[in-house]
Amino acid sequence: EQRANERRISGAPSGSGDVAASASDGLDFAQRDPWDVVEEIWDTTLAAIESSDIAKLEDVIILAREAADTHRDDPVLRNSALGCLSRAHDAMFRETGRVEHVGKGVEASEEAVNICPLTHPDRLIRLCNLAHILHTRFQISANTNDLDRSIGLLDQVLAISPLSHRSLHLHDLAVSLHVRFEAMANLGDLDRSIVLKEESVELGSPSDRPHRLRSLAISLHTRFGHTANICDLERGVTLSRLFVLAGHQVLQLCTPTHIDRSRYLSDLASSLFHVRKNIADLNRAIELGEEALTLIPPNHVERPARLSNLAWSYNDRFDSNKNIDDLDKCVTLGEQALALCPTTHNLRLIYLAHSLRKRFRRQSDIADLDRSIQLAQSALQSLPPNHPRRSYCLDILSLAQLDHIRAVTRQNSNHDCAFSTLSIEDVISQLRNAANALHSPSHVRLDATISWVNASTDFHHQSRFEAYTAMFDILDTLVTRGHSLESRYSQLTTDGWITHAKGRIADAVSFAIAENRPRDAVVFLERGRALLLAQVGHCRMPLDIIKTKDATLAAELESVGRQLDGLLASNIKPTDFTIHSVANDPIAQSMRLTSRWNALVEQARKLDGCGGFLRPTPFHTLQHGAYGGPVTFININHPLSHAVIVVHEGDPLVVPLPHATPKVVQDLTVAFHNARHQHVSNFYSALRTLWDVIVGPVANRLEPRLSAGSRIWWCPSAAVAQLPLHAAGHYNKSAPLHMKLPHLFVSSYTSTL
């Protein structure tokens, strides 16, 4: 191979035409030097790979097989012929997509490694070839044994690699470790991958640097998603920006037909929008993605990934500009990717189902909805019961089915399809299962739970209260499990979990009031408004309190929590794998970790004063907070707001606030802000409105129960927390004293019961 390369570089005659021409006639090794023939076969192989000449590759496979069979007694010649045969089969698979070439390539590579002496100079390249083609077979079959073997071989390669090639081998091993992390969720693989990629960037050539930077940025972003280490996020963003700058320079050096141009185009396209977040870069990303697609042959192994990446760029642009042509393009590309990729690629099924449902909601073509349901059901059927991705599948499927029920009901027609018999009970059951799927990531379960809340509200289903309770339970898990105070605050603000659920919290309180369950309304109010303060500030019962009681237990809780969240989140990513052994089974891992987590939580609850760890505080405990005076919550919601007054005995008092709409409250906050720079009469006017819409109804309810000068407590949240409730009243000369709160009660504020 080396001599063939040297001859091609020097421009010496290759003789490849003679070798190719002899494919149909066989090789006469008796008439020629066998090494000359093998070198010419190598020469033809490399030329065919570079030119993507399938006919030449077919000739090479015949000749290399004949050469290997002819020289069974000469291990050196046979080794070289087998190496050539393996390369040719691998190239044929990449050009034609015919899977049988991968298996034959593995067989040839394995024999080449087995007969190659440990000290032979060809051993390094034989190990590399076998590792490469095993990785390729893993991508097709998702058999993790192939991936493990590939990584083991690459470790051997790294041990004997000369310094001049070390950067390449470091990166190959690092990429394989990252892939195994996505399949197995072992953070050790990801940590080692990052270390190896960092060394590869330092040792690599300038032309390799952009691609290596991009690869390192991906791993750092991935680790941030599992450990919430803000340093990883910041470094990842910085490296992505460097890649965008360097990537443009590399593309200028690549000719239109350069073999690596498609890869750089695809990487640059996927980085542009996510780094800079503007529509111009999204347009540029689509242009680059289109060009990358034109450079990939129709049956190339990487074509489905290029199609999927481009499809989601069009999806992102549709979300930005609402141009239906972009969504049509997204669906078309998604269907093409699905036709080429293995059926085990369930995320492509789900993403396409999601896009089709989105198009239905825009165009009302029920055929799109039928196809969406079909794809989501296919994805669900491919997943075992406890698979981490199952909650995501159930949510997407249920949303499409709900749209179908609404569409059929609205049209009052008997739509002739397999989904005409869908019932709301079945869909609610699916959403309940998705919300309670403990082996799925908490943020995915939260999405499913909010879908459950919405469905039970729209269809007046009896499970609505249960859905709200599940939502609060999952929110507690999101802000507690395995993260420090700082990282929990970062997650709550950057990922928008609180923003996502905030409106539903007010709805939950209103629903409990409407159902004449004021005690539950107080529990919901406390859990919702204290979610940020109690978990990040006052810490009702988070991991940080456990640390003061039992540091060893807290450390194990943190470790298991991070492993569990890392394992579950990694299996929501678009990675294909199937289950082959208990030791390597991510479902078995998640079940073991979940069981251990639950045992540790029970152990923590036995610590002194920690019985409420990860449990909602019951009303009878919350009521103790009212011993020093009644505590008033204000729940602003549409169509009706309420004040809920917790008293030290009996049920809470519920006071309707019909005029305290969200708009009125927002206008009041603006009025008080502006009154600082206006005439004092504006301030008094705002205080009068505050009394009329919020404070007055509460004071009127309390006045018969309390003596003048009694202490009352306000527990405000959201926009109400910006209002001077204690000063509300009518301050014109003719107004009676009982319409001025300071003349009735002494007000204090609290952040939580």
Of the candidates Leu265, Leu253, the one satisfying the condition of being within 15 Å of Arg214 (Cβ to Cβ), of a type outside the set (Ser, Thr, Tyr) and modelled with pLDDT under 80 is Leu265
Considering segment 420-442 alone, what residues qualify as being in a helix (DSSP H, G or I) and open to solvent by less than 30 Å² (accessible area, probe 1.4 Å)? Val427, Ile428, Leu431, Ala434, Ala435, Ser442
Can you go through Asp59, Asp33 and tell me which one is over 21 Å from Ala108 (Cα atoms) and either at pLDDT 80 or above or open to solvent by 50 Å² or more (accessible area, probe 1.4 Å) (or both)? Asp33
Using the structure shown, decide if Leu607 is surrounded by fewer than 22 Cβ atoms within 10 Å (Cβ to Cβ) and farther than 30 Å from Asn732 by Cα. yes
Tally time: how many residues in segment 688-722 are within 29 Å of His673 (Cα to Cα) and either of a type in the set (Ser, Thr, Tyr) or within 45 Å of the chain's Cα centre (by Cα) (or both)? 15
Count of residues meeting criterion [within 35 Å of the chain's Cα centre (by Cα) and either in a loop (DSSP other than H, G, I, E, B) or farther than 21 Å from Val175 by Cα (or both)] in segment 94-131: 9
Working carefully through the options Ala728, Ala721, Ala708, Ala735, find the one that is closer than 28 Å to Ala506 by Cα, modelled with pLDDT under 95 and either among the aliphatic types (A, V, I, L, M) or exposed (fewer than 15 other Cβ atoms within 10 Å of the Cβ) (or both). Ala721
Could you check how many residues of segment 169-184 are open to solvent by 20 Å² or more (accessible area, probe 1.4 Å), over 20 Å from the mean Cα position of the chain (by Cα) and without any contact (Cβ under 8 Å) to a residue 40 or more places away in the chain? 0
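Quick one: count up the residues across segment 514-556 that are at pLDDT 60 or above, in a helix (DSSP H, G or I) and either farther than 24 Å from Val647 by Cα or of a type in the set (D, E, K, R) (or both).
Going through segment 514-556 one residue at a time, the tally reaches 18.
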Restricted to segment 345-368, and to residues that are open to solvent by less than 50 Å² (accessible area, probe 1.4 Å) and at pLDDT below 90, which residue is farthest from Ser141 (Cα to Cα)? Ile350
For segment 714-732, state whether one or more residues are without any contact (Cβ under 8 Å) to a residue 24 or more places away in the chain and farther than 20 Å from Leu657 by Cα. no
Count of residues meeting criterion [open to solvent by less than 40 Å² (accessible area, probe 1.4 Å), in contact (Cβ under 8 Å) with a residue 40 or more places away in the chain and either outside any helix (DSSP H, G or I) or closer than 17 Å to Asn346 by Cα (or both)] in segment 307-321: 2
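One line per residue, one yes/no per condition, for (1) at pLDDT below 85; (2) more than 27 Å from Glu40 (Cβ to Cβ); (3) crowded, with 19+ Cβ neighbours inside 10 Å:
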| position | (1), (2), (3) |
| --- | --- |
| Val76 | yes, no, no |
| Val99 | no, yes, no |
| Gly103 | no, no, no |
| Ala108 | no, no, yes |
| Arg126 | no, no, yes |
| Leu130 | no, no, yes |
| Arg137 | no, yes, yes |
| Asp148 | no, yes, no |
Flag if Leu282 is at pLDDT below 80 and open to solvent by less than 20 Å² (accessible area, probe 1.4 Å): no
Only unsatisfied item for Tyr468, checking (1) modelled with pLDDT under 95; (2) hydroxyl-bearing (Ser, Thr, Tyr); (3) within 30 Å of Glu558 (Cβ to Cβ), is (1)
Selected residue (criterion: modelled with the lowest pLDDT) from residues of segment 185-244 that are among the β-branched types (Val, Ile, Thr) and open to solvent by 60 Å² or more (accessible area, probe 1.4 Å): Ile230
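The values are calculated or read from the model by the stated rules, or taken from the named source; none is laboratory data. Computed from a predicted model, the values in this text were never measured in an experiment. Cβ atoms come from the backbone with ideal geometry, glycine included; neighbour counts cover every protein chain shown. Quick note on the areas: whole protein, heavy atoms, side chains included, nothing else; ligands and nucleic acids left out. Shrake-Rupley method; radii C 1.70, N 1.55, O 1.52, S 1.80 Å.
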